[in-house]
Structures are given as C-alpha cells and as structure tokens.
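The values are calculated or read from the model by the stated rules, or taken from the named source; none is laboratory data. The model shown is predicted, which means the values in this text are computed figures rather than measured ones. When we count neighbours, we look across all protein chains shown, and the Cβ atoms used for this are built from the backbone with ideal geometry, even at glycine. To get the accessible areas, we keep the full protein, side chains included, count just its heavy atoms, and leave off ligands, DNA and RNA. Shrake-Rupley method; radii C 1.70, N 1.55, O 1.52, S 1.80 Å.
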Amino acid sequence: MKKIENRMPLIELDEIYKIYHMGDSEVRAADGVTLRICEGEFVAIVGQSGSGKSTLMNIIGCLDVPTTGSYRLKGEDVSELTDDEQAEIRNKMLGFIFQQYNLIPKLTVLENVELSLLYAGLPAEERVERARLQISRVGLAGKEKNLPSQLSGGQQQRVSIARALAGNPSVILADEPTGALDSRTSREVLDFLKQLNEEGNTIVLITHDNGIAAEATRVVRVSDGKIVFDGPAEEAFPAAVPAPGPQHRKAEEAS
C-alpha cells in the first residue's frame with residue numbers, strides 16, 4: 001500500500017447520511033459515513049446491490065447531495081453547492097468511467113473524448129490537442145475517426161477512459177468499469193487503471209465483485225449504508241491457506 005500518511009485528504013466525507021422515505025419506512029442509503037481518501041490512492045468501494053456503494057459514488061461524484069453531513073473535495077465544501085456549481089466541479093475535478101461506456105453513437109472517438117472539454121468551455125484547438133493526447137495514451141491512436149460501433153467493447157471502454165482523463169481530473173471515478181467486458185478485456189482495463197494510479201492518478205473504483213476490488217490497494221466495504229471495513233486489500237481479501245497435502249501431514253506426524 002502506498003505511503004499516504006503525510007498527504008492531505010482529497011476527499012473528505014463527514015457523518016454523511018442519505019435518507020429516503022418510502023411510505024412509512026425510512027431507507028438510510030448512507031448511514032453516518034466518514035471517509036478520507038488521499039491524493040494518489042487507488043480505493044475500491046465494494047458492496048452488494050443495495051449496500052449503499054452507489055450512493056457514496058453519486059455523492060463523491062457530485063451527482064447527488066447528502067441529507068446531512070459534509071463533503072469536502074480538495075478542501076472545498078461541495079455539499080451545499082447549487083446544481084450549477086456542482087456541475088462545474090464535475091467538469092473541472094472529476095472524471096467518470098461507466099460500465100456501459102456512455103459514448104454517443106453518432107460521434108467519432110475524437111468527438112466523444114472532446115465532449116467533456118466542450119462542456120468545460122475550452123477552445124477548439126486545445127480540445128483537439130488534449131483529446132488526441134489521451135486517445136494515444138490509451139492505445140487508440142489512429143482510431144480518432146471511428147464511431148463507437150466500429151470498436152470492440154474493450155476499445156470503447158478505453159475511449160471512455162480517455163474522455164475521463166482529458167480534463168485532467170483530480171479524481172477518476174470508475175463505476176463497475178469491467179461489468180460489460182469479458183475476462184481478458186477486463187484484465188486489460190484493470191491493468192490500465194493500475195498503471196494510471198502508478199502515474200499518480202487518484203482512482204475510486206465502485207464494484208460488487210471482490211475479485212475486482214482486490215486489484216485496488218485499499219478496500220472500503222459497505223453494508224446497509226455503513227462502512228464495515230476500511231483497510232489494505234491484502235487484509236480485506238487474505239489469501240486462502242491451502243489444506244495440507246499428504247506430505248504436509250506426514251511431516252506433522254513425524255514431528
């Protein structure tokens with residue numbers, strides 16, 4: 001696990017509650033969550049369906065606001081911002097990678113990657129330059145004019161990664177990024193996320209799959225809206241101890 005003790009927190013959640021009322025019942029999708037994530041970490045937030053992990057992702061990603069509690073991103077309290085102010089934070093500081101890629105079918109690879117930069121108000125020449133750089137970075141140089149339908153699933157996910165990186169975000173939020181991919185392509189995408197983290201990018205990975213979560217360096221397990229584990233991946237998923245074979249048993253008997 002990377003040494004992060006001396007780094008300032010990039011993401012700070014304090015006593016976050018997200019409460020929904022359904023008839024007479026109350027659902028606590030986030031139930032008093034306090035969490036710190038520092039710059040350069042690779043954190044997996046893992047939990048089963050309904051555990052509250054998607055609620056945390058939406059709050060971290062400025063897609064939703066908590067019922068109570070505070071959320072600071074890079075020191076700025078974003079929990080009380082207006083919708084327009086949160087949209088500006090999303091464009092400037094957050095990059096999203098989704099399970100279904102969320103590419104626009106009628107736009108080329110280059111145009112899809114440029115899109116987030118267009119929303120950020122960058123001039124055309126800078127948009128193209130930055131988009132081409134990230135397309136090359138994910139190994140798709142020469143595919144700029146292709147439509148999404150002309151790419152494999154793994155290539156489409158790489159386009160979505162390039163789009164997330166184009167804005168130089170403080171945090172990359174990856175929501176089940178391998179959910180629509182086969183095992184070989186999933187491995188490629190996970191390796192690329194690990195490479196991005198090694199290059200200094202902060203990655204927050206949302207998943208229900210323990211095997212995917214184990215690829216992170218830190219695991220935050222969520223259940224019923226609460227954090228029930230927060231620590232190194234090797235502690236979250238200790239290697240299974242193999243049952244002793246005949247030779248091991250003989251050696252034990254001899255001793």
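Quick notes
- Check: region 64-194 dipole with +1 on Lys, Arg Cβ and -1 on Asp, Glu Cβ, in debye: 700
- Accessible carbon and sulfur surface of region 15-110 relative to its total accessible area, %, 1.4 Å: 48
- With the Kirkwood sum run over all distinct C-alpha pairs, the chain has a hydrodynamic radius of 19.6 Å.
- When Rg and the Kirkwood radius Rh are both evaluated on Cα atoms of region 88-230, their ratio Rg/Rh stands at 0.98.
- Cα gyration tensor, region 47-119 - rounded (a/c under 1.5), prolate or oblate: oblate
- When the alpha-carbon atoms of region 12-91 are used, the pair Rg, Dmax equals 12.9, 43 angstrom.
- The reciprocal of the average 1/r between distinct C-alpha atoms defines the Kirkwood hydrodynamic radius, which for region 171-218 equals 10.9 Å.
- Mean separation of Cα contacts under 8 Å, 6 or more apart, over the residue count of the chain: relative contact order %: 26
- Judged by the mean number of other Cβ atoms found within 10 Å, the most tightly packed of the peptides 225-231, 112-118 leads the ranking 112-118, 225-231.
- In the context of the full set of protein chains, the chain has a per residue accessible area of 52 Å² (1.4 Å probe).
- Convex hull volume per residue, computed on the Cα atoms of region 157-242, equals 124 Å³.
- Listed residue (Leu122, Ser70, Ser160) projecting farthest to the positive dipole end of the chain, Cβ model: Ser160
- Estimated inter-spin distance, His21 and Asp83, nm [label 7 Å along Cα→Cβ]: 2.2
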